[in-house]
Amino acid sequence: MSTLRALARAQAVASGRAQPVATVRHLHLSERPLVVVPLALAGEANAPLAAMVGAAPDEARLLVVPQPRNRDQRFAFAAELAAIVLPYLDEFRDLTEAVPVDRGRDVRHRYVDAPQLLVPNPAGITFLRLFGRSTRFRRTDGDYPVHQSVPLLGRWLTFFAERAEQPGSSALLALTEALTLHWATGQSVVEDLHLPAVLGWLDPPAGLTGAEAAARAEDPAHCPPAGPATDPDFDNRRLAPAIEAYTRAGDDPAARAAAYDELAGLLRDQLAPTWELMWRGVGLLRTLPAGARVAGRWAGDRDAFTAHAEHVDAGGGPQPRRDGAVAAALRLQRLERASTAWAVQRAYDDPLVMAEHRLSGEAFVGEVTLADPARVDDSGKRPVLRPRIQVVTTEPVPMPVGARLYSPQRPAQKATVVFVTPGADGKTEVVLELSGGMGRGLTAPPGSVPEVGERICLTSLSDGFLPGGAFPAPEETPWTHGGPPGTAAAPPDPAPAEDWS
Amino acid sequence: MEDRLARIRGGGPPRRHNARTIAALTGNPGCTRRAVLDSAGADKPALAERLGFPARFGQSRFAITRGNAFEAQVKADGGKELLRLVAERLGVPVPEGATWTDLGADDDRPERSRAALTASGNGPALFDHPLLGLDVAGTRVHLEPDLVAARLAGRFHVVEIKSFPVIDGQADPGKVAAAAIQSAVYVLALRELLAAEGHDPELVSHEVVLVCPRDFANQPVASLLDVRRQLLVLRRQLARMARVEDLLAAVPAGFTVDPAADPATLAAALHEVPARYAPDCLAACELAYFCRHEARGQTGALGRPVREALGGVEEVADVLALAEGSAAPEPGQAEAAALLRAAARLRADALAGQTA
């Protein structure tokens, strides 16, 4: 927790309203995100109980599992969900664009847009991940055949859950996290996991403070939990009798339909408030303009969507239960790089995020007082353009001489610290030598060198290219990491034989 | 001392502890209010209800049914399957058979449990529902765990059967942590029982066997949990509660939380005994909602990381005053005040649209 964000929380407590901690939106928001609000049966291993799904506020579809312990009904639910999710994914598979690769010598194609899933909270992501795990290995033949869409749904849900692990991805978002990335509430991170409470702070009903609205949202009798866990009191008093009534109805069609309606009505009442909150939250996020680097990260999500669609089309297998050594190392590196880039890009896009880094001594803002844009360094073999500028700042400058700094205004340019001279009046003079981002000649194009009087931000955070690590091919996994995985001919990971209760 | 504790809880019988409540004691060891109330055996759920901040620790009957069904399944057939699972997990040869002693059925349980568990003999044996005891704040607490103590290769292992799933070798970390601390309570109690009879307490392993359903089916799978760290924490908190005199020294002489009293009186009485509310309390202590209400306006109520990021200043109002520069920092707050002022200035600049 940075001091700046902590201060925003303190201000939220004092003012009774959530406070902004971002000035732009750092996440991509689809025009038609697929909102999924799942409910699970208590005590079971991720057994779906119900879900409300749809890509627009008036397109809510309610799915219900009348007997959640029944294996066939579980997979019937999966097939129903697949009948919504898979056509939704296909909506994005019409248009592609060409992307140059290999320095323009070749092109590849990617979809111009990609699907986006929204769930209420991180537990919702876990639910989808586990539901994907429980369905992607199911077989459409054999002893317990499932509908052919079920394993496909499982593979896509797994894809989304894996994207959700990657910092900066917007393919699958938990709304509580998306909201608290942009606003600080006056409660703790534990309480921020509760979507109704977060929205209580952000947008309290008339006449209530955020704290009052959040407290009211905690009472399950007043505001049902946002899932996947249900309120135990609801389970015991309402849900259990309704499930029993459905079971008792047996094969009598009329009684069964009546019991089903009763059950569906109960579950709708539990889900509908969260459904409303989801779209209200989406609306709040839409009020923020997107950050400059959001589109670039979304392109990464589109790349991943394209690649997975091609993998599925080409008959590729489901994601393994566990990564091998090489795949795990690759994944870890990819996530680390994404995490670094995510932190840097948010700071570049958003002065309020950069302020957190200014406070921690990773950046400072100052005014350019001297500039020599024509300075040429001819001490080497060839003369090179190396303008110098002097920046005066009132902020601390802990960077040592020789440090490389960058400016969000000119991300392609490097500024090397030459002198740091603390003044008597609390100001610091910093002399920097610039390279890059000024063309190839010995004269800097106008605007490429900061001018006297300009206020610029300089930071040690770099949004530059991070070279990838070199990893061996899977068949060359060293013995220290378990050696090559079995014979290459062996099936990747046989569907684990599981019987269902 | 007993009288004083009885007066605190309002004269009724002390509320009985179980492994769950003892485990919860380790959650926030710095909280005096909780240590005093738990030492006295006060009825915290009733108290919270009376204060208008009822605890929310309901359990769904679906979860209870599923837990019982899984436990019955694992223990079925004289524990044959359980024995195989435990032995294989411990890496010892699966014995031909083991004696199965259910200590849960009769009247004279403490004595019978003691006798059975400390009887000589080294053969493989499973003891179901052993009754164990532990001293908590000077009173003997009886624990009636649903667990099995397994004696294999001459050592005892606590076997805990839980119904949360282990999927691809991973389980919910929160649930595993809760199971670990509860199991540690049983390990401690079992060790004390053996030690009291002159046996080596180390005969009880610090590794407990957790039996859970595997993946999405009902097949049980056994895992080992090392509870040494939990044992340390538990011992420390129990030792602290054993010195209940020290705890009570900080408590006003007439302090009582008789649930029959008027809510305003109760609240006033509780304010006299300092709590140390943290957001984690919400998941562990019945009184948490009351304490949270009381801690409104304190930085600690936002979580310890927030409080630390704010330089350790306790009151939100003080934080904002220091940040605005409208209050002079107290001695020792100079650094925090400078940080807060810088943060407030940067925040205001960025929000006012000063990009750089």
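Taken together, the values in this text are just the output of simple stated rules run on the coordinates, not laboratory data. What you see is a predicted model, and the numbers here were worked out from it, not measured in a lab. We place every Cβ from the backbone using ideal geometry, glycine too, and count neighbours over all the protein chains shown.
Compare the Cα positions of A:359, A:405, B:52 along the charge dipole of the protein assembly as shown (+1 at Cβ of Lys, Arg; -1 at Cβ of Asp, Glu; about the Cα centre) and return the one farthest towards the positive end.
Value: A:405.
If I take R0 = 22 Å and measure r between the Cβ atoms of residue B:65 and residue B:88 in this structure, what FRET efficiency does the formula 1/(1 + (r/R0)^6) give, to the nearest 0.05? Numbers along the way, then the final one.
Numbers: r = 28 Å, r/R0 = 1.29.
Plugging the Cβ-Cβ distance into 1/(1 + (r/R0)^6) gives 0.20.
For the ranges A:466-474, B:22-30, A:178-186, what's the packing order if you count other beta-carbon atoms within 10 Å of each residue, average per peptide, and put the highest first? Intermediate values should be presented prior to the final figure.
On the way: A:466-474: 10.8, B:22-30: 20.0, A:178-186: 22.8.
In descending order of packing, they fall as A:178-186, B:22-30, A:466-474.
Rank A:315, A:149, B:37 by how far each Cα sits towards the positive end of the charge dipole of the protein assembly as shown (+1 on Lys, Arg Cβ; -1 on Asp, Glu Cβ) and give me just the farthest.
A:315
Computed FRET efficiency, Cβ-Cβ of residue B:49 and residue B:111, R0 30 Å: what is it to the nearest 0.05?
Between residue B:49 and residue B:111 the formula returns 0.20.
With +1 on each Lys and Arg Cβ and -1 on each Asp and Glu Cβ, how big is the dipole of chain A about its Cα centre, in debye rounded to the nearest 20?
Approximately 1260 debye in magnitude.
With +1 on each Lys and Arg Cβ and -1 on each Asp and Glu Cβ, how big is the dipole of the stretch B:1-261 about its Cα centre, in debye rounded to the nearest 20?
Magnitude of the dipole: close to 860 debye.
Compute the distance from the alpha-carbon center of the stretch A:252-267 to that of the stretch A:412-439, in whole Å.
The stretch A:252-267 and the stretch A:412-439 have Cα centres spaced 73 Å from each other.
With contacts defined as alpha carbon pairs under 8 Å and 6 or more residues apart, what's the relative contact order of the stretch B:1-261 in percent?
With pairs under 8 Å counted, the relative contact order is 23 percent.
Say each of residue A:208 and residue A:222 gets a label point 7 Å from the Cα, pointing the same way as Cα to Cβ; how far apart are those two points in nm?
Each label point lies 7 Å from its Cα, and together they span 0.5 nm.
How much mean residue ellipticity at 222 nm does chain B get from its helices, if each DSSP H run of length 4 or more adds -39500 (n - 2.57) and you divide by all residues, to the nearest 500 deg cm²/dmol?
Rounded to the nearest 500, the figure is -14500 deg cm²/dmol.
If you plug each phi of the stretch B:64-69 into the Karplus form 6.51 cos²θ - 1.76 cosθ + 1.60 with θ = phi - 60°, what whole-Hz ³J(HN,Hα) values come out, in order, with x for Gly and Pro?
Per residue, the Karplus-derived 3J(HN,Hα) values read 5, 4, 5, x, 5, 5 Hz.
Given the rule -39500 (n - 2.57) for each run of at least 4 DSSP H residues, summed and divided by the residues of chain A, what is its mean residue ellipticity at 222 nm, to the nearest 500 deg cm²/dmol?
-12000 deg cm²/dmol
Ranking request for peptides A:298-305, A:203-210, A:448-455: highest mean number of other beta-carbon atoms within 10 Å first, then the rest in descending order.
Packing order, densest peptide first, comes out as A:298-305, A:448-455, A:203-210.
Grab the protein assembly as shown and count how many Lys pairs have their alpha-carbon atoms under 30 Å apart, sequence gap of 8 or more, or different chains.
Counting lysine pairs in the protein assembly as shown gives 9.
For B:268-280, what's the mean count of beta carbons from other chains sitting within 10 Å of each residue's beta carbon?
Mean partner shielding for this stretch: 1.
Amide H to amide H under 5 Å from residue A:25: which residues, 5+ apart in sequence or cross-chain, H placed 1.01 Å off N in plane?
For residue A:25, the qualifying residues are A:290, A:291.
Tell me the label-point distance for the pair residue B:223, residue A:454, using the 7 Å Cα-to-Cβ offset, in nm and rounded to one decimal.
About 5.5 nm, to one decimal.
Relative to the first principal axis of the alpha-carbon coordinates of chain A, what is the inclination of helix A:3-15, with its axis defined by its Cα atoms, in degrees from 0 to 90 and to the nearest 10?
Approximately 60 degrees, to the nearest ten.
Name the longest site-free stretch of chain B, where the excluded sites are trypsin sites (Lys or Arg not before Pro) in a DSSP loop with no more than 14 other beta-carbon atoms within 10 Å.
By the stated rule (loop sites, at most 14 other Cβ atoms within 10 Å), B:17-242.
Where the only charges are on Cβ atoms (+1 Lys, Arg; -1 Asp, Glu), what is the dipole of the protein assembly as shown about its Cα centre, to the nearest 20 debye?
1300
When the Karplus curve 6.51 cos²θ - 1.76 cosθ + 1.60 is applied with θ = phi - 60°, which whole-Hz ³J(HN,Hα) does each residue of the stretch A:319-332 get, with x for Gly and Pro?
Listing the rounded values in order: 4, x, 5, 9, 6, x, 4, 5, 4, 5, 5, 4, 5, 4 Hz.
Under the definition of Cα pairs under 8 Å and six or more residues apart, what whole-number percent is the relative contact order of the stretch B:300-351?
Value for the stretch B:300-351: 32 percent.
Using amide H atoms built in the peptide plane, which far-off residues or other-chain residues are under 5 Å from residue B:143 H to H?
Here B:132, B:133, B:134 satisfy the definition.
Between the helical axis of B:173-196 and the dominant principal axis of chain B, each derived from Cα atoms, what acute angle in degrees is found, rounded to the nearest 10?
Computed tilt is about 60 degrees.
So, counting K/R as plus one and D/E as minus one, what does the shell of residues with Cβ under 15 Å around residue A:389 add up to?
Spelling it out: positives minus negatives among the neighbours equals 0.
Report the label-to-label distance for residue A:107 and residue A:261 in nanometres (one decimal), using points 7 Å from each Cα along the Cα→Cβ vector.
Each label point is offset 7 Å from its Cα along the Cβ direction, giving 5.7 nm.
Would you please give the FRET efficiency between residue A:470 and residue A:314, computed as 1/(1 + (r/R0)^6) with r the Cβ-Cβ distance and R0 = 30 Å, to the nearest 0.05?
0.65
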